[in-house]
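To start, the structure under review is shown below, and the notes come after it.
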Amino acid sequence: MKSLYKIVAIAGFTFMVTSCHDDAKPNYQFFPNMYEAVPYETYSEHEVFKNGKEGQLPAPGTIKRGFVPFEIPNTTEGYALAKETLKSPLDSLSRNPENGKALFNIYCAICHGEKGDGKGNLVKREKFLGVPSYKDRVITEGSIYFVETYGLNSMGSHANQLTQEERWQVADYVLKLKSEL
Amino acid sequence: MKKVGNHKSFSRIFFSLALTLSFSLSVFSQDSTSVDVAAAPATGGNADAGKALFNANCAACHALDKVMTGPALRGVADKYDKEFLYKWIKNNTELIKAGDPTALKIYNENGQKAMTIFPQLSNTDIDNILAYTSQPKPEPVVAATVVDGNGGSSNDSGISNNVILGALALVLTMLIVMLFLVNNVLTKIAKANGIEVQKDSKSLPIWKAFIKNQFLLVVTAILFLLFAAYFAYGYLMQVGVDQGYEPIQPIHYSHRIHAGDNGIDCKYCHSAARVGKHSNIPSLNVCMNCHKNISEVAEETLAEGNEYGVNYNNEIQKLYNAVGWDKTTQTYTGKTEPVKWIRIHNLPDFVYFNHSQHVTVAGVECQTCHGPVEEMEIMRQHSSLTMGWCINCHRETNVKVEDNAYYAKIHEELSKKYGVEKLTAAQMGGLECGKCHY
């Protein structure tokens, strides 16, 4: 009888040891103070900030290195202005068709299609409809850059995914696709 | 306490066996329902052709029953004169410039947003589109039956499982009872016939026999120690390793749908992985790039969500609440609340890791480290992220040296030094302590 108790006790203990694992909780650490940074880390919370978040907006008026001011406003008139007057500042060295293509395939092709025919995967699956083919629209490099920066109608802005230079490179590639359609 | 090496695997195996058994028994019957397109009403156009045209040209900004970038269009043919609509669709800018009162009214009612002009559409095309927009709204009966059918069938399978298990248990207990009764009857018969049932002769209890046998005792002790050491080692080695970590996020985001079914590139949302140390948690404006237009998921997606116990539409609504988007007026309210995403992959403070070095320079696929994310309904940590795991990959992975003129010379010299054609990351100094720890 005594041994039965022992067996039950051991079985119970093993069950307790093994059953507590919960994938929704992080694991134990050997020396937490070596794992956890003393200064604030990306996406961490820290009391030194007013709203407690590490992710802060830059101070007002901050300009990113290499940033060129873009003064055309996000309006219909602005679009027309960009379409007519805006020209790519890229010189022959910064034009990079391969990079433009790679970026286009990541950020644009999902709706506009890899050929720019408006038949991306999301359109084929009918999640997004009415994406035009570049062939059917009058576009210039200025208008493409404008739309990448501000978005147009259902398309959102891609300014936080692509830098200014990258946007110009993509604009180049869009014109190339349009010429091939 | 956490999982211990392979310790749990037995219970896991049994559990998964039981699970697979129970699931293999259940049959999910999914009725395929087809929606019949209603015949075109008497507007003179072909609604089917109109639907194709509508989807190709108008659907970017208009839906039939909800306000998108432009107003809802069901029944628009009844509101306005047909000749006016022809003109408006072909070139609304001209109409507005000419000062047409109806055109100006529409323009002002919809926030003075300019509609794209469609000079390529013919009057017949527009007739077809109008026929499509004049169709009566389909009753949502289909949706209800699909959902009901699913719920019903899964309930049925649950009941049938329980019934089968219950029947099995019943049969087994009956067998035990019968054996017991048979035994009783036999003893009674034996007694009645005067035969004495032999009882087991008293022998040494097995424990005592075991203790007396010193050889067995030593072997058992050694085995016990070996096992204990194995499991203790296994336990200690997994401390601090978060492989399989799968927290519940504030908004249920399905990588399976976005990256898998829809095939959106990882870098569309995690754009910083290309250029930065961190792969960013996408800010909500990136979600809104698509979800400004997708406020509800398709019927079949919604049904898939039932399998995971999620209503995807509610999750999209959570996004709208967080980002402050009013989907009825299609405007931002300005009232936002931050989403407290739970970070899954987290290296200790004493390790340096740079995403752009791996993603852009080395061209490593995201899946190499993060696993089949495109199949994960709930994101989890796929790799152990231990140092051994890093080192292993550095030893096995060949460095992409082609098309890299800048390093061509050093690559050549290193290849000569090691006498290999392809350099691994380790041979380029990928094992040096200072590369990651400083």
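Considering each residue of the range B:298-313, count those that are more than 9 Å from every other protein chain (Cβ to nearest Cβ) and either aliphatic (A, V, I, L, M) or more than 16 Å from the chain's Cα centre (by Cα) (or both), and give that number. So that I can check it myself, show each step before the final result.
Step one: filter the range B:298-313 for residues more than 9 Å from every other protein chain (Cβ to nearest Cβ), giving B:299-313.
Retained after the next criterion (residues that are either aliphatic (A, V, I, L, M) or more than 16 Å from the chain's Cα centre (by Cα) (or both)): B:299, B:302-303, B:310.
Number satisfying all stated conditions: 4.
Would you check if B:C366 is within 30 Å of B:E307 (Cβ to Cβ) and either in contact with a His (Cβ under 8 Å, 6 or more places away or on another chain) or crowded, with 17+ Cβ neighbours inside 10 Å (or both)? Yes.
For the range A:71-85, the count of residues that are more than 10 Å from chain B (Cβ to nearest Cβ) and of a type in the set (F, W, Y) is zero. Of all the numbered requirements in (1) under 30 Å from B:G260 (Cα atoms); (2) in contact (Cβ under 8 Å) with a residue 40 or more places away in the chain, B:Y438 misses one, and that requirement is (1). Just wondering, is there one or more residues in the range B:406-413 that are surrounded by 14 or more Cβ atoms within 10 Å (Cβ to Cβ) and at pLDDT 85 or above? No, that holds for no residue. Checked against (1) in a helix (DSSP H, G or I); (2) modelled with pLDDT under 90, B:F215 passes all but a single condition, namely (2).
For the range B:246-266, a residue qualifies if it is at the interface with chain A (Cβ under 7 Å from one of its Cβ atoms) and within 19 Å of B:N346 (Cα to Cα), and the qualifying residues are B:E246, B:P247, B:I248. Of all residues in the range B:264-277, exactly one satisfies the criterion of being in a loop (DSSP other than H, G, I, E, B), in contact (Cβ under 8 Å) with a residue 12 or more places away in the chain and over 15 Å from A:N160 (Cα atoms), namely B:K277.
Among the residues in the range A:164-173, are any under 30 Å from A:R65 (Cα atoms) and within 12 Å of chain B (Cβ to nearest Cβ)? Yes; the residues of the range A:164-173 include at least one that is under 30 Å from A:R65 (Cα atoms) and within 12 Å of chain B (Cβ to nearest Cβ). Condition first: in a helix (DSSP H, G or I) and under 19 Å from B:Y268 (Cβ atoms). Can you find one or more residues in the range B:344-357 that meet it? Within the range B:344-357, one or more residues are in a helix (DSSP H, G or I) and under 19 Å from B:Y268 (Cβ atoms).
When B:I248 is tested against (1) of a type in the set (A, V, I, L, M); (2) outside the structural domain of B:Y308 (by TED's automatic domain parsing); (3) modelled with pLDDT of 90 or more, only condition (3) is not met. Evaluating A:E98 against the criteria (1) in a helix (DSSP H, G or I); (2) surrounded by fewer than 12 Cβ atoms within 10 Å (Cβ to Cβ); (3) over 23 Å from the mean Cα position of the chain (by Cα) leaves one unmet condition, (3). Of A:F70, A:F104, all but one fail to be assigned to a loop (DSSP other than H, G, I, E, B), in contact (Cβ under 8 Å) with a residue 40 or more places away in the chain and among the hydrophobic types (A, V, I, L, M, F, W, C); the exception is A:F70.
The values are calculated or read from the model by the stated rules, or taken from the named source; none is laboratory data. Keep in mind the model is a prediction, meaning the values are calculated, not measured. We place every Cβ from the backbone using ideal geometry, glycine too, and count neighbours over all the protein chains shown.
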